[in-house]
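To keep things clear, I will list the structure first and then write my remarks on it.
What follows draws every value from the coordinates through simple rules; no lab data is involved. Just so we're clear, the structure is a prediction, and the values are computed from it rather than from any experiment. We place every Cβ from the backbone using ideal geometry, glycine too, and count neighbours over all the protein chains shown.
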Amino acid sequence: MTDPIPELTRLSQHGTAEEQDALASAAHDQPGPAAYAAVVARVLAEHQARLRWRRRAVGVAIAGLSAAAALPLLLHLRAPQTERLVAEPLPSGLAHAEPHPSATPRAQPAPNDGGTSASEPCTPSIVAGGTQPLIDDFEDGDMKVPMAEHRAGQWLTFNDGTGPQSPKPGTLLRASRIPGGRGASHFGVHNVGGKFSKWGASLGLELSPRRCYDASAYGGIEFWARGRGEIRTVVQMTQVVSEEFGGSCSHDCFDAHAKRVQLSREFRRVVVRWEELRQHGSGTPVPFDPRSLFSIQFSVLPEQSPFDFWIDDVSFIPR
């Protein structure tokens with residue numbers, strides 16, 4: 001059996017990006033000895049499995065680990081994709097079938113004040129302190145969010161498989177240079193797509209993969225956007241994500257809370273407060289609770305396609 005200490009040292013310096021991120025995230029979170037040992041053991045186990053799979057030449061790359069749990073490699077979506085996934089792992093709950101817009105809306109639960117709800121928050125959770133609201137300004141050129149307040153996600157694209165989307169789902173994304181810039185901002189994320197016929201397409205990220213994110217210190221999110229038509233700002237809770245993908249929903253899942261946003265030819269600041277978010281009505285009614293966030297998405301329904309939009313400077317806002 002491989003000696004874990006030199007092997008761990010080697011992986012932290014020369015392992016894959018996912019292995020290095022997992023070890024760095026575990027150290028950053030300063031877990032107890034038992035929790036850290038569990039992360040180390042899983043990294044080594046996944047690394048050994050990767051080597052065995054490569055020798056047999058039959059598998060795909062092993063998904064990386066988050067600070068306390070494995071980030072599963074999503075081999076297929078609930079709806080078919082047009083592109084095969086590459087080795088870059090997808091966060092578990094992002095790629096899913098959105099409720100179809102033709103579904104009959106159900107009665108909505110009464111919105112809360114953005115701070116509490118009748119349901120208990122999910123566990124385990126990462127709690128935002130309320131002092132570092134910026135989620136991503138994209139100026140570093142990559143699509144991994146800064147690790148402020150223990151956020152550890154990355155931006156991905158995904159769709160229902162009925163139309164083209166650029167960047168393509170399953171590919172490693174990079175920020176795009178904004179033509180002419182936007183003041184001091186030079187990079188953003190550009191998403192373009194054709195006509196879709198099922199649930200549409202999305203750009204999104206998990207805030208803390210496989211764990212819920214407590215953003216109750218904040219009152220909502222803001223971002224800068226431009227484009228044509230309309231998009232939906234979606235803030236997904238763990239309570240609407242199926243258990244298969246790391247949530248706690250057992251039936252009628254993925255009816256996330258959202259707000260429609262009208263785009264314009266020029267960049268404009270968009271503010272979405274927690275109390276403005278509403279479910280579509282096609283799934284289990286759940287009051288919105290900022291203590292149980294799973295992901296943030298910018299999505300288009302079939303009637304909103306084709307689409308072409310830019311997103312920049314995504315941030316939480318004060319309560």
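Using every Cα-Cα pair within the range 167-234, state what percent have a distance larger than 15 Å.
69
Take the alpha-carbon centre of the range 264-319, take the same for the range 138-199, and report the distance between them in whole Å.
Cα centres, the range 264-319 to the range 138-199: 15 Å.
Calculate the radius of gyration of the Cα atoms of the range 145-275 to one decimal place, then report Dmax, the largest Cα-Cα distance, as a whole number, both in Å.
So, for the range 145-275, Rg and Dmax equal 15.7, 47 Å respectively.
How big is the charge dipole of the range 125-318 about its Cα centre, in debye rounded to the nearest 20, if each Lys and Arg gets +1 on its Cβ and each Asp and Glu gets -1 on its Cβ?
480
At a 10 Å Cβ-Cβ cut-off, how would you order Val241, Val145, fewest neighbours first?
Least crowded to most crowded, the residues run Val145, Val241.
Below 8 Å between Cα atoms, with a sequence gap of 6+, how large is the relative contact order for the range 149-237 in percent?
33
Would you mind checking the pairs Lys198/Lys259; Lys168/Lys198; Lys144/Lys259; Lys168/Lys259 and listing those with alpha carbons more than 21 angstrom apart?
Pairs exceeding the cut-off: Lys144/Lys259; Lys168/Lys259.
For the range 125-318, what does the relative contact order come out to in percent, with C-alpha contacts under 8 Å and a separation of six or more?
It rounds to 30 percent for the range 125-318.
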